[in-house]
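Below is one structure, written out as structure tokens; the observations come after it.
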Amino acid sequence: MDWFRRLVHLPPAGNEMANQVDMLHLLVLFVTVLGSGVTLLVAGYFLIKYRARAPRRATRRVVAPRWLEVSLAGALVTLFVVWWVLGFRQYLQLKHVGGEAYEVHVVAKQWMWKFSEPDGNTSIGVLIVPRNRPVRLTITSRDVVHSMFVPPLRLKADAVPGRYTTLPFRAPQAASWPIYCAEYCGLSHSRMLGRVVVLSDDDFARYRAGKPVKPVERARNSLEKSGIRLRNVANEEGEVTAATGQRLAQRFGCLVCHDDGRDESPSPPKIGPTWTHLYGTLRKSESGEMRIADSQYLSESIRDPQSHVVAGFPPTMPTYQGQLRAAQEASIIAYIRSLAPEAAPLEVD
Ligand code: CUA
């Protein structure tokens, strides 16, 4: 595969998925180059064979036999279907890494990447993940559309305000890879850089214990050398954790109307749907529409509560559009998710 990567200037392969993606890339490239080569040769042959031999002599009309037309069209359709099957299988592999995932919340904003780790620790610009373990990113944006792009892992997903995109991956060995923003997002778009640092088991344990780790330091230094701001902005937005979500739910009055199962015997029953065991369940609206209560659904319900009023409840919830910052909203959703029987890894996008 390496000769192919060098030939068409592809980035190095950071995991097995990258090999498979490149393989499909190579197959498509090979077949299309072969196809256009054959077409060119046949066209050249016809050009000579059917050239004008005498002035004003009409060309003989040629009608292709039905079997030829059907089999050519059939062969082409089969080819495209085969590509689709291969691509779809890779898509499924990309979406399911298997095993319990290391969850990181990503908030993109002009012009930086912010990563909130499972214990609430926040890292600007540098995404730190363990080697050979499934990692699941939940990506959102706090302002405009960005796109997180890690070429060596063949990872790319848009960060859209008000949307939660999940992006699972696995990186087999310790490494450090660049992160780019792949969606034009304003003046400093080209400087919206970061790094994924994949740590060995030992280094990762040290990192979790709060000790300095060489590869992380190196990544931070190299980013700062290129003028990327990494510090003094960490607390501006707040971290994304279920615990923060619980505090925010108190502060913003969510728990006046929604029950989170913390007060014994809420009496009288609260006016809104309960939050306990809500995440991941099927919800039916007044209009009969069914939705799964995933991050996307909860985000919409917070921003535009009237869009999906759950059957049997009054449409009284006010909108929180513009009142919650992206990380705050993500924290409240993380809290609701933590109230489900198991933090359900639901793949719905
Ligand atoms: Cu963010 Cu371009």
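FYI, it's all coordinate maths here, none of it is from the lab. Just so it is clear, the structure is predicted and the values come from calculations on it, not from any experiment. Cβ sites come from the backbone with ideal geometry, for glycine too, and all protein chains shown count toward neighbours.
Scan the stretch 116-152 for residues that are touching a residue at least 40 places away in the same chain (Cβ under 8 Å), within 20 Å of SER222 (Cβ to Cβ) and within 16 Å of the ligand (Cβ to nearest atom) and jot them down.
Result: ILE124, GLY125, LEU127, MET148, VAL150, PRO151.
When the stretch 105-115 is examined, which residues are found to be buried (at least 18 other Cβ atoms within 10 Å of the Cβ) and either over 19 Å from ALA334 (Cα atoms) or within 11 Å of the ligand (Cβ to nearest atom) (or both)?
Passing the criteria: ALA108, LYS109, TRP111, MET112, TRP113.
Can you tell me which residues in the stretch 185-199 are in contact with a helix residue (DSSP H, G or I) (Cβ under 9 Å, 6 or more places away or on another chain) and within 11 Å of the ligand (Cβ to nearest atom)?
LEU193, GLY194 - these are the residues of the stretch 185-199 that are in contact with a helix residue (DSSP H, G or I) (Cβ under 9 Å, 6 or more places away or on another chain) and within 11 Å of the ligand (Cβ to nearest atom).
Working carefully through the options LEU94, LEU29, find the one that is surrounded by 13 or more Cβ atoms within 10 Å (Cβ to Cβ), part of a helix (DSSP H, G or I), in contact (Cβ under 8 Å) with a residue 12 or more places away in the chain and in contact with a helix residue (DSSP H, G or I) (Cβ under 8 Å, 6 or more places away or on another chain).
LEU94
Just give me the residues in the stretch 169-200 being within 18 Å of HIS96 (Cα to Cα) and surrounded by 18 or more Cβ atoms within 10 Å (Cβ to Cβ), in sequence order.
PHE169, ARG170, ALA171
With assigned to a strand (DSSP E or B) and touching a residue at least 40 places away in the same chain (Cβ under 8 Å) as the only criterion, which of VAL197, VAL216 stands out?
Result of the check over VAL197, VAL216: VAL197.
Check whether at least one residue in the stretch 206-229 is of a type in the set (S, T, N, Q), within 12 Å of the ligand (Cβ to nearest atom) and surrounded by fewer than 20 Cβ atoms within 10 Å (Cβ to Cβ), and report yes or no.
Checked the stretch 206-229: no residue is of a type in the set (S, T, N, Q), within 12 Å of the ligand (Cβ to nearest atom) and surrounded by fewer than 20 Cβ atoms within 10 Å (Cβ to Cβ).
Where the second residue is within 16 Å of the ligand (Cβ to nearest atom) and assigned to a loop (DSSP other than H, G, I, E, B) and the first is closer than 15 Å to GLY14 by Cβ and lies in the stretch 158-182, which pairs have Cβ atoms under 7 Å and are six or more apart or on separate chains?
Matching pairs, first to second residue: PRO178/LEU193; ILE179/LEU193; TYR180/LEU193.
Of all the residues that make up the stretch 153-175, how many are within 16 Å of the ligand (Cβ to nearest atom) and out of contact with any Ser or Thr (no Cβ under 7 Å at 6 or more places or on another chain)?
3
Test PRO178 against the stated conditions and say whether it is within 16 Å of the ligand (Cβ to nearest atom) and in contact with a strand residue (DSSP E or B) (Cβ under 9 Å, 6 or more places away or on another chain).
Answer is yes for this residue.
Please verify whether ASP119 is touching a strand residue (DSSP E or B) at 6+ places or on another chain (Cβ under 9 Å) and of a type outside the set (Phe, Trp, Tyr), treating the condition exactly as stated.
no
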